[in-house]
Amino acid sequence: MIDELIPAHVEWLKAHYAAGHFLASGRRVPRSGGVILANGLTRGALDQVLAGDPFWQAGAAEYEVTEFVPSMTAPQLDSLRG
């Protein structure tokens with residue numbers, strides 16, 4: 001089921017990269033899910049974005065959101081510090 005949903009999932013990801021919501025994404029190793037690093041959204045807005053994922057809509061994936069405020073970053077990520 002996951003493989004057939006990948007094209008729609010990738011288009012969904014691209015739309016949210018273009019909107020500035022996502023900073024990085026990729027699959028876990030071993031392939032047991034994925035990770036999305038999001039920024040600039042309230043928790044409610046993020047929940048709405050995630051509800052649009054074709055994986056979620058098909059019941060093929062669940063989300064576990066971990067909120068954090070970076071206190072230290074590499075120089076190229078300084079803008080993420082809270």
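Here, each number is a calculation from the coordinates, and none is a lab measurement. Quick caveat: nothing in here was measured; it's all calculated off a predicted structure. Note: ideal-geometry Cβ built from the backbone for every residue, glycine included; neighbour counts use all protein chains shown.
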Could you list, in sequence order, all residues of region 18-62 that are farther than 15 Å from I2 by Cα and surrounded by 13 or more Cβ atoms within 10 Å (Cβ to Cβ)?
H21, F22, L23, S25, I36, A38, N39, L41, L46, V49, L50
If you go through region 55-66 one residue at a time, do you hit one that is within 15 Å of the chain's Cα centre (by Cα) and among the charged types (D, E, K, R)?
yes
